[in-house]
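Please read the structure below before turning to the comments.
Read-outs: derived from the displayed coordinates by stated rules, not from any lab. What you see is a predicted model, and the numbers here were worked out from it, not measured in a lab. Don't worry about glycine lacking a Cβ; one is built from the backbone with ideal geometry, like all the others, and counts go over all protein chains shown.
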Amino acid sequence: MLNVEKYSSTIIFDLDGTLVDSLNGIGLAMEKTLAGFGYDIKIDNILPRIGAPMIQVVEELTNENSSKINIIYEQYLNIYRKDYLHEIVPLDGANNLIDNLYQNHFSLAIVTNKTEYDANSVVKDLDWIKQFKIIVGRDTKKLPKPHPEGTIYALNRCNSDPQNSVFVGDTEYDMAAGKNAGVKSLIGLLGSRSASQLKNAGATQIASNLAEVEEIILHR
């Protein structure tokens, strides 16, 4: 069980694939974007890369120069925001988890590789803005996940000790960001990555769904 003291700890969440069902939309937006630039890259080759900043995904898939990568990435954002951003729904158990943690006086934060604008849009659309003390996007600070800068920033804004906090995420980028920030408890959520991938990245516990995440945090 986790050793988390209520009233003095922060629970940090990734967003895509952790709290919201958004991975397929991201993949389709990127597939459509790349097709517009002449690339025949299907969603099955995109989904395993989600978790990294999407500009990095563009670089990995195209090997273009930095100027062309930026052009492709901006077009991806345009397509994603127009066709997919506002279609996002919570994953099963997300609303209950967020409400229960909030009612138990945990500070809640999001650290995501989405842009801060897009992350805030999702949180507002889902009526979660009251529950989250801080939302950190890939562009909030200089360095995105797996660098710990955004996680450390969130912890500082919540006045929380990393040794008494939790990071919940579904990719190696989340586990690495939490681990490198000194967060003691790292919950890997199965879905986009296997248990072994998450454990190898530093997960201290594995959950199959958000109900199990809640069980781990609240019923220790």
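Annotations for the structure displayed:
- Residue-wise HN-Hα coupling along region 152-165, computed from phi with Karplus coefficients 6.51, -1.76, 1.60 (Hz; x: Gly, Pro): 4, 4, 4, 4, 5, 5, 9, 6, 10, 7, x, 6, 10, 10
- Cα-Cα P(r), region 23-86, percent of pairs per 10 Å interval: 24, 63, 13, 0
- Check: the chain dipole with +1 on Lys, Arg Cβ and -1 on Asp, Glu Cβ, in debye: 580 debye
- Distance between the C-alpha centres of region 15-46 and region 157-180: 26 Å, rounded to the whole angstrom.
- Couplings for region 106-118, taken from phi via the Karplus curve 6.51 cos²θ - 1.76 cosθ + 1.60 with θ = phi - 60°, read 6, 7, 10, 9, 10, 10, 10, 8, 5, 5, 4, 4, 5 Hz in order; Gly and Pro are left as x.
- Note that region 23-33 has calculated 3J(HN,Hα) couplings of 5, 5, x, 4, x, 5, 4, 5, 4, 5, 4 Hz, one per residue in order, obtained from phi through the Karplus relation 6.51 cos²θ - 1.76 cosθ + 1.60 (θ = phi - 60°); glycine and proline are x.
- Estimated from helical segments only, the mean residue ellipticity of the chain at 222 nm is -13000 deg cm²/dmol, where each DSSP H run of four or more residues counts as -39500 (n - 2.57).
- Counting only lysines at least 8 places from K141 when in the same chain, those with an alpha carbon closer than 17 Å to its own are K114, K133.
- Straight-line cross-link reach from K199 at under 18 Å between alpha-carbon atoms covers these lysines, not counting any fewer than eight positions away in the same chain: K145, K179, K184.
- For the chain, share of DSSP beta bridges that run antiparallel, in % to the nearest 5: 10 percent
- Over the C-alpha trace of the chain, radius of gyration and Dmax come out as 16.7, 53 angstrom.
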